[in-house]
Amino acid sequence: MRAISQAQPNIALIKYWGKRDAGRNLPAVGSLSVTLETLWTKMTVSFPGGVAADTLRVNGRPDEAMLPRVSRCLDDLLGTARRPAVVASECNFPIAAGLASSASAFAALVVAASAAAGETREVLDLARAAGRASGSAARSLYGGIVELEAGADDIGLTALASPADWPLRVVVAVTERGPKPLGSTEGMARSAATSPFYADWVGRQHDDLAVARAAVAARDFERLAAVAEHNCLKMHSVMWTSRPSIVYWNRTTIACMEAVRDLQRGGHAVFFTIDAGPQVKAVCLPESEAAVRSALAGVAGVQELLETGLGEGARLLERA
Ligand code: 2P0
């Protein structure tokens with residue numbers, strides 16, 4: 001059987017940075033994210049038989065570097081007695097550049113693989129399997145605004161609002177196209193071991209999540225903006241104060257943050273957030289989108305703008 005799925009990346013407004021259990025890839029903190037709409041990964045999985053080992057193609061090319069992680073995820077989901085898989089992924093946005101391509105990839109992978117294996121699984125079960133492969137991927141199983149709870153035994157997930165409930169817009173300023181210098185897994189381990197602010201970061205996450213959750217429930221954009229920017233800057237402070245320092249920003253990243261601050265002073269409903277990469281994501285209300293687009297397009301060094309609303313969780317497109 002062959003199955004094709006689609007998943008979109010998500011952008012955290014309250015960030016995941018740090019692991020409680022590296023072996024099971026359990027996060028040290030909860031997080032809250034928006035699932036995007038027009039950026040996607042489409043994943044085709046089959047278990048044809050007569051194949052010696054797993055194969056992976058990404059955008060038409062063999063990808064040996066990513067293959068071991070994909071194989072481990074399939075083993076975890078289906079058991080090591082499974083047949084070798086033929087996996088092909090198509091992605092319409094830059095990979096490994098802080099745009100959460102691993103989130104959409106692993107979310108799509110677990111959906112397609114379980115369907116191709118003839119299984120029907122609960123979405124939480126799939127989300128947990130995706131999360132063991134890449135922590136942020138668990139959130140892409142759900143649409144709209146999503147909260148991930150760190151949980152005592154395992155993660156929990158709640159969809160807080162659907163895309164229709166609160167139609168936020170996201171304008172992504174791509175400031176650099178190459179892959180990031182340091183992967184998140186390694187970065188998190190370094191921060192936990194060396195940043196003097198790490199324990200505080202973990203200890204205060206509960207409060208930021210509570211504020212963000214309440215802001216979403218009240219559709220209070222200003223409150224969400226304030227806590228999201230604060231949480232983002234706190235995470236980057238932990239990164240910057242790790243040893244050696246982890247700096248994902250470039251000068252264009254900072255210029256984009258300043259452009260967002262100017263927009264805020266001009267009365268626009270917008271805030272920035274930045275992940276493990278140099279891209280700036282400006283989250284805004286629809287009425288401010290045109291102003292955000294034009295301000296970020298005018299920042300020297302911005303290579304491309306991607307614009308999207310909020311979208312649905314990972315889903316099966318086809319099974320044959
Ligand atoms: C997030 N990031 O919440 C944060 C913000 C990066 C900065 O989730 O080690 O690639 O595979 O579990 O999922 C990136 O983390 O890390 C991430 P692993 P993942 O979106």
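Restricting to the range 268-298, what's the tally of residues that are out of contact with any Leu (no Cβ under 8 Å at 6 or more places or on another chain), closer than 18 Å to Ile14 by Cβ and either assigned to a strand (DSSP E or B) or without any contact (Cβ under 8 Å) to a residue 60 or more places away in the chain (or both)?
Number satisfying all stated conditions: 2.
So which residues in the range 134-154 are among the aliphatic types (A, V, I, L, M), within 16 Å of the ligand (Cβ to nearest atom) and assigned to a loop (DSSP other than H, G, I, E, B)?
Selection gives Ala150 alone.
Restricting to the range 155-196, name every residue that is part of a strand (DSSP E or B) and farther than 22 Å from Phe271 by Cα.
Gly156, Leu157, Thr158
What number of residues within the range 51-62 are surrounded by 18 or more Cβ atoms within 10 Å (Cβ to Cβ) and either touching a His at 6+ places or on another chain (Cβ under 7 Å) or not in a strand (DSSP E or B) (or both)?
Selection size over the range 51-62: 1.
Between Leu233, Leu148, Leu224, which is assigned by TED's automatic domain parsing to the domain that holds Glu289, within 12 Å of Leu13 (Cα to Cα), surrounded by 22 or more Cβ atoms within 10 Å (Cβ to Cβ) and modelled with pLDDT of 95 or more?
Just a single option satisfies the conditions, and that option is Leu224.
More than 11 Å from the ligand (Cβ to nearest atom), over 19 Å from Gly143 (Cα atoms), buried (at least 22 other Cβ atoms within 10 Å of the Cβ) and modelled with pLDDT of 95 or more: which single residue out of Leu74, Leu78 fits that description?
Working: Leu78 fails: buried (at least 22 other Cβ atoms within 10 Å of the Cβ).
Being more than 11 Å from the ligand (Cβ to nearest atom), over 19 Å from Gly143 (Cα atoms), buried (at least 22 other Cβ atoms within 10 Å of the Cβ) and modelled with pLDDT of 95 or more holds for just one of Leu74, Leu78, which is Leu74.
From (1) under 21 Å from Leu316 (Cβ atoms); (2) touching a residue at least 40 places away in the same chain (Cβ under 8 Å); (3) more than 13 Å from the ligand (Cβ to nearest atom), pick out the condition that doesn't hold for Gly131.
Gly131 satisfies every listed condition except (3).
Looking only at the range 1-50, how many residues end up being outside any loop (DSSP other than H, G, I, E, B), over 30 Å from Ala193 (Cβ atoms) and within 16 Å of the ligand (Cβ to nearest atom)?
Looking only at that region, the number is 5.
The values are calculated or read from the model by the stated rules, or taken from the named source; none is laboratory data. Since we're looking at a predicted model, the values are computed, not measured. Reconstructed Cβ throughout: ideal geometry from the backbone, glycine too, with neighbour counts over all protein chains shown.
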